[in-house]
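S.K.: My questions will all concern the structure given below.
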Amino acid sequence: MSSGRRYVLAAGGTGGHMVPAAALAAELMRRGHKVALVSDERGVRFPDLFDGIETRVVPASRFAGGPIGWLRAANAMRKGRAQARALYREFRPSAVIAFGGYASLPALMAAFSAKVPAVIHEQNAVLGRVNRLVAGKVAAIATSYADVDRLKPKYEDRTHLVGNPVRQAVLDLRMKPYPALDEDGIFRVLVTGGSQGASILSQVVPDGLALLPVHFRRRLQVTHQARVEDIDEVRRKYAEHAIPAEIATYLPDLPERLAWSHLVIARAGASTIAELTAAGRPAILVPLPSATDDHQTANAREISEAGGARAIPQRSFTAQELAKQMQKLGLDPAALANAAACARSVGRPDAARDLADLVESIDADWASAGMGRAEPVQVTQSDGAAYAKVRA
């Protein structure tokens, strides 16, 4: 293993991009490498993820809003690329590793033009739009799932299954047993909707839990993450149904909450699935229907087919359906423990290690060998950018 290299990570926008980037950063630094981050204004708002790491905030924007919006986005991308290239001249990275989303595009464009090898990591079970744009120019494509929709077969030789890195605090839960549960014991439920789309959980879950048989309902202890605008109504509903519940807009101790949970009710974001499978926790999943390319439905596929979760389309997610699925899982402790084991069976706890191994294996001379130049990076009209081609 070589040590003392320099790597630039590019991520931004949401925790789904930032958390795996932070996990890789920690692993690379543990190996003696130096890491810098290129992100956007949203990405650097996540506390504690990149403390002590050199960070360059660059402009980035989605190609939306018609011709004026496309022009504005293209100008932001060009400025971001120039700033990233300035960082590369100073930092001299061995490779750039990008985690998808439009915030990573300026850093990738700068890498291509500077002939620095690039690796992309896809957290979802559908290759994202930016990753689709650049797949033909990168040295390697790291995936979180064995089956990834919209990943072209011609990229198979540079595709590597590594999994989706999670925080060490979540990974540590893998070494702990599933919390004991008997037929009369406290049944702990964790409800988390992430930063998007939690309102449907707030609307349905309290009423669904209220439909459970009395002897089951009296055993419940709920932790519910809700949006600020929903929190008062959620609190009122739980009180009305006499269900003990702690409601918060943010759970800084989420790994600890996950540790004692018997069941999780959640969206099917990539980080959520990675944490459920790393820790081994059964779940009822409600994929966000507006997610790009319906990727949350695809994310839920593997854990559901393994028996570790039940996925309910949002159009079918009613109080009655939730109560029915809760009873199928919760009234049989042995079945619930088996579902936990099934969730754990599809976890990839070595994701950060395997991704770091892949990054280290990238030949620093890759760019000079001329690989990946066959396909120019192009933002097409279908991506909302008829304005122009964006090339490195």
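The values are calculated or read from the model by the stated rules, or taken from the named source; none is laboratory data. On a predicted model such as this, the values are computed, not experimentally measured, just so you know. Ideal geometry is used to build each Cβ from the backbone, glycine not excepted, and the neighbour counts take in all protein chains shown. Protein only, heavy atoms only, side chains kept; ligands, DNA and RNA dropped before computing areas. Shrake-Rupley method; radii C 1.70, N 1.55, O 1.52, S 1.80 Å.
S.K.: Could you please let me know if Glu229 is open to solvent by 30 Å² or more (accessible area, probe 1.4 Å), farther than 17 Å from Met326 by Cβ and out of contact with any Pro (no Cβ under 7 Å at 6 or more places or on another chain)? Spell out how you get there, then give the answer.
M.R.: Values: open to solvent by 30 Å² or more (accessible area, probe 1.4 Å): yes; farther than 17 Å from Met326 by Cβ: yes; out of contact with any Pro (no Cβ under 7 Å at 6 or more places or on another chain): yes.
Here the answer is yes, as Glu229 does meet what is asked.
S.K.: Of the residues Val138, Val214, Val166, Val189, which single one is in contact with an Asp or Glu (Cβ under 6 Å, 6 or more places away or on another chain) and among the aliphatic types (A, V, I, L, M)? Steps first, answer last, please.
M.R.: On the way: Val138 fails: in contact with an Asp or Glu (Cβ under 6 Å, 6 or more places away or on another chain); Val214 fails: in contact with an Asp or Glu (Cβ under 6 Å, 6 or more places away or on another chain); Val189 fails: in contact with an Asp or Glu (Cβ under 6 Å, 6 or more places away or on another chain).
One residue alone meets the criteria, Val166.
S.K.: Which condition number does Ala139 fail, the rest of (1) at pLDDT 95 or above; (2) within 19 Å of the chain's Cα centre (by Cα); (3) of a type in the set (Gly, Ala, Ser) being met?
M.R.: The single condition Ala139 does not satisfy is (2).
S.K.: I'm trying to understand the selection: among the residues of segment 325-357, which are more than 23 Å from Trp260 (Cα to Cα) and over 18 Å from the mean Cα position of the chain (by Cα)?
M.R.: Scanning segment 325-357 gives a single hit, Asp357.
S.K.: Looking at Gly128, is it under 19 Å from Leu358 (Cβ atoms), open to solvent by 10 Å² or more (accessible area, probe 1.4 Å) and in contact with a Ser or Thr (Cβ under 8 Å, 6 or more places away or on another chain)? Full working, then the answer.
M.R.: On the way: under 19 Å from Leu358 (Cβ atoms): yes; open to solvent by 10 Å² or more (accessible area, probe 1.4 Å): yes; in contact with a Ser or Thr (Cβ under 8 Å, 6 or more places away or on another chain): yes.
Answer is yes for this residue.
S.K.: Another question, if that's okay. Restricting to segment 331-356, name every residue that is touching a residue at least 24 places away in the same chain (Cβ under 8 Å) and open to solvent by 40 Å² or more (accessible area, probe 1.4 Å). Talk me through it step by step, then tell me what you get.
M.R.: Of all residues in segment 331-356, those touching a residue at least 24 places away in the same chain (Cβ under 8 Å) come to 331, 333, 336-356.
Listed by number, the residues that qualify are Leu331, Ala337, Asn338, Ala341, Arg344, Ser345, Arg348, Pro349, Asp350, Arg353, Asp354.
S.K.: Something else: Those residues that are free of Cβ contacts under 8 Å to residues at least 60 places away in the same chain and either crowded, with 21+ Cβ neighbours inside 10 Å or touching a His at 6+ places or on another chain (Cβ under 6 Å) (or both), I need them from segment 244-275; list them, please.
M.R.: The answer is Ala245, Ile247, Ala268.
S.K.: Name the residue that is modelled with the highest pLDDT, counting only residues in segment 331-371 that are part of a loop (DSSP other than H, G, I, E, B) and among the hydrophobic types (A, V, I, L, M, F, W, C).
M.R.: So in segment 331-371, the residues part of a loop (DSSP other than H, G, I, E, B) come out as 331-332, 346-350, 362-366, 370-371.
Next, only the ones that are among the hydrophobic types (A, V, I, L, M, F, W, C) stay: 331, 346, 362, 364, 366, 371.
Values: Leu331: 86, Val346: 98, Ile362: 90, Ala364: 46, Trp366: 54, Met371: 48.
The residue in question is Val346.
S.K.: Where the second residue is buried (at least 17 other Cβ atoms within 10 Å of the Cβ) and of a type in the set (Phe, Trp, Tyr) and the first is closer than 20 Å to Pro313 by Cα and lies in segment 201-218, which pairs have Cβ atoms under 8 Å and are six or more apart or on separate chains?
M.R.: Filtered contacts from segment 201-218: Val204/Phe317; Pro206/Tyr238.
S.K.: Right, something else. Across segment 98-112, what is the total count of residues that are at pLDDT 95 or above and open to solvent by 10 Å² or more (accessible area, probe 1.4 Å)?
M.R.: Total satisfying the criteria: 1.
S.K.: While we're here: Checking Asp207 against (1) assigned to a helix (DSSP H, G or I); (2) more than 19 Å from Lys328 (Cβ to Cβ); (3) open to solvent by 10 Å² or more (accessible area, probe 1.4 Å); (4) touching a Lys or Arg at 6+ places or on another chain (Cβ under 9 Å), only one condition comes out false. Which one?
M.R.: Tallying (1) assigned to a helix (DSSP H, G or I); (2) more than 19 Å from Lys328 (Cβ to Cβ); (3) open to solvent by 10 Å² or more (accessible area, probe 1.4 Å); (4) touching a Lys or Arg at 6+ places or on another chain (Cβ under 9 Å), Asp207 fails exactly one: (2).
S.K.: Additional query: When you scan segment 316-330, do you find a residue that is within 28 Å of Arg158 (Cα to Cα), open to solvent by less than 50 Å² (accessible area, probe 1.4 Å) and part of a helix (DSSP H, G or I), even just one? Show your work before the answer.
M.R.: So in segment 316-330, the residues within 28 Å of Arg158 (Cα to Cα) come out as none.
No, segment 316-330 contains no residue that is within 28 Å of Arg158 (Cα to Cα), open to solvent by less than 50 Å² (accessible area, probe 1.4 Å) and part of a helix (DSSP H, G or I).
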